[in-house]
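**Student:** Sending over a structure as structure tokens; questions will come in a sec.
Nothing in this text is a laboratory measurement; each read-out follows from the coordinates by a stated rule. Nothing here was measured: the structure is a model prediction, and the numbers come from that model. Reconstructed Cβ throughout: ideal geometry from the backbone, glycine too, with neighbour counts over all protein chains shown.
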Amino acid sequence: MDFKELETKLKELGITAKYKKIYTEADAREFDRRHNIVLPDEYRDFLFKYGEVDFKKDISYTPMEGLAEFIVNFYGMNQNDFYLGDAIESYGGRMPSAIIPIAECADGNQICIGVEGDNHGKVYLWNHEQELEAFKMLNPEKKSPSIEEYWENISLISNTFYEFIFSFEISSNATSKEKLDNIEVWLDDDLFND
């Protein structure tokens, strides 16, 4: 697979490049230096061309392990609410340093990519409901592993970033986001009388 094939897949999903600024190899090196990481080439190419992606349709993926989830957005290089650098800092200390968050799922879980060692370039799901702090609260009698050792809440999605993107599907079962804007919920007063 190459970047042209990736672009074709993204176009089929309705995803287009957002950035007007052209990011350079110097920008990549500076970002890596500032965050003490090495972004995988496949992901860096995507990040610098497409950046922050907010999906207009419900997009899910097919994982190697576990259940699929809906992806809400990818973090990008614009310094706003979805800035990748802020996400890395926000989740630093909550997940092993071998991975960084690159996208957010509908339920708050994070899609991550490996940035060091054998994990470099692999894509993972980080489950926020089972993170180390929850383990410590639920198991006070057990010796807690370090954050670097704790992978209980992390599952492999794909071996490469391109493989991850090629597993994307537009969900036909979910209600479109446009239809959800006009939903009203009526609750019976008896519901609160217990």
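**Student:** Of VAL53, VAL38, how do they rank once you tally other Cβ atoms within 10 Å and put the fewest first?
**Tutor:** Values: VAL53 23, VAL38 15.
Result, fewest neighbours first: VAL38, VAL53.
**Student:** Within a Cβ distance under 10 Å of ASP107, other residues only, what is the Lys/Arg minus Asp/Glu net charge?
**Tutor:** That works out to -3.
**Student:** Net charge near TYR91, counting Lys/Arg +1 and Asp/Glu -1 over other residues with Cβ under 12 Å of its Cβ? Let's see the in-between values first.
**Tutor:** Numbers: positive: ARG94; negative: ASP86, GLU89, GLU104, GLU131.
So the surrounding residues net to -3.
**Student:** Given [x] 36, 21, 16; [y] 39, 17, 14; [z] 29, 26, 16, which label gives semi-axes √(5λ) of the Cα gyration tensor in Å as computed from the coordinates?
**Tutor:** Step by step, semi-axes √(5λ) of the Cα gyration tensor in Å for this structure corresponds to label [z].
**Student:** In addition: Let's see if you can work this out: charge +1 on each Lys and Arg Cβ, -1 on each Asp and Glu Cβ, no other charges. What is the dipole magnitude of the chain about its Cα centre, in debye to the nearest 20? Show your work: numbers first, answer last.
**Tutor:** Details: 20 positive and 39 negative charges, 180 e Å.
Dipole of the chain, to the nearest 20 debye: 860 debye.
**Student:** Now a separate question. Given the options PHE48, GLY114, LEU67, identify the residue whose Cα lies farthest towards the positive end of the charge dipole of the chain (+1 on Cβ of Lys, Arg; -1 on Cβ of Asp, Glu).
**Tutor:** Checking the options against the dipole of the chain, the answer is PHE48.
**Student:** Once the other residues with Cβ under 12 Å from the Cβ of SER155 are scored (Lys, Arg +1; Asp, Glu -1), what is the net sum?
**Tutor:** Working: positive: LYS122; negative: GLU65, GLU69, GLU152.
Here the charged neighbours net out to -2.
**Student:** Extending each Cα 7 Å along its Cβ direction at HIS120 and ILE22, get the distance between those two points in nm, one decimal.
**Tutor:** Here the answer is 2.8 nm between the modelled labels.
**Student:** Stokes-Einstein at 37 °C, 0.692 mPa s, Kirkwood radius from Cα pairs: D for segment 89-145 in µm² s⁻¹?
**Tutor:** Working: Rh = 12.2 Å.
The diffusion coefficient I find is 269 µm²/s.
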